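First the structure, which I've put down as structure tokens, then a few questions once you've had a look.
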Amino acid sequence: MIEIRERTVFEAPIEAVFDAERNIDLHSMTQGHRGERAVGGVMAGLIGQGQEVEWEAVHFGVKQRLRVRITNMVIPTYFRDEQVFGAFKRFTHEHIFKEVGEGRTEKTDVMRIEAPLGPLGWFAERVFLGDYMRRFLRKKNQDLKRWMEGMGKTP
């Protein structure tokens, strides 16, 4: 299993960043260039505690689906989603929000990923999957930050 931590500071209030991060429409809009789209579960609006969303996207040249459930939520400081089904043996993603000044929010992502296929999966995690997922998460956060700060809008 690998763990990826990524920190992003937004020039936006904590409530706005929290809601933007769980907004299905906004995620689809900012990640559409990757072919990501919601295809099941909550497909629009804000996802909440106990709800699921199924994402379809192309990774490593293969169309894949990942269904996650929000297993814990503390508004507006924390939520965790966990894989219900998908390509990973195990996948969890914690979203942690903290005010770091007036109108500024720090968001920390903690992803824990375990690839399938035993020793081959262990090798893949360390050779390419960790770097790939770190770049994916960093780009996703920068897209969200650009949208929130550049457009001057919140969901």
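Rule-based calculations on the coordinates, nothing more; no lab input. All figures in this text were calculated on a predicted structure; none of them were measured in a lab. Cβ coordinates were reconstructed from backbone atoms using ideal geometry, including for glycine residues, and neighbour counts include every protein chain displayed.
Per 0.36 nm of contour for each residue apart, how much would the distance between M1 and S28 grow if the chain were fully extended, relative to their Cα-Cα spacing?
The span from M1 to S28 would gain 7.0 nm if fully extended.
Also, quick follow-up: To the nearest Å, what is the center-to-center distance of the stretch 1-50 and the stretch 84-155, using C-alpha atoms only?
The stretch 1-50 and the stretch 84-155 have Cα centres separated by 10 Å.
Answer with a single label: of (1) 1, 6, 7, 7, 6, 6, 6, 6, 8, 9, 11, 10, 8, 5, 2, 1, 0; (2) 2, 9, 18, 23, 22, 15, 8, 3, 1, 0; (3) 2, 8, 13, 13, 9, 7, 7, 7, 9, 8, 8, 6, 3, 1, which was calculated as P(r) over Cα pairs in 5 Å bins from 0, in percent from the structure in view?
Given (1) 1, 6, 7, 7, 6, 6, 6, 6, 8, 9, 11, 10, 8, 5, 2, 1, 0; (2) 2, 9, 18, 23, 22, 15, 8, 3, 1, 0; (3) 2, 8, 13, 13, 9, 7, 7, 7, 9, 8, 8, 6, 3, 1, the structure-derived one carries the label (2).
Label points 7 Å out from Cα along the Cβ direction at Q142 and Q49: separation in nm?
That separation, rounded to one decimal, is 3.6 nm.
Along the Cα-to-Cβ line of I96, 7 Å from the Cα, sits a label point; which residues in the stretch 1-35 have backbone N less than 11 Å from it?
Output list for this probe position: 5-7.
Report, in cubic angstrom per residue, the convex hull volume of the C-alpha atoms of the stretch 70-137.
Per-residue hull volume (Cα only) is 91 Å³.
Counting alpha carbon pairs within less than 8 Å and at least 6 residues apart, what relative contact order, in whole percent, applies to the chain?
With pairs under 8 Å counted, the relative contact order is 29 percent.
Quote the convex hull volume per residue of the stretch 104-147, based on C-alpha atoms, as a whole number of Å³.
Working: hull volume 2.8 nm³, N = 44.
Dividing the Cα hull volume of the stretch 104-147 by its residue count gives 64 Å³.
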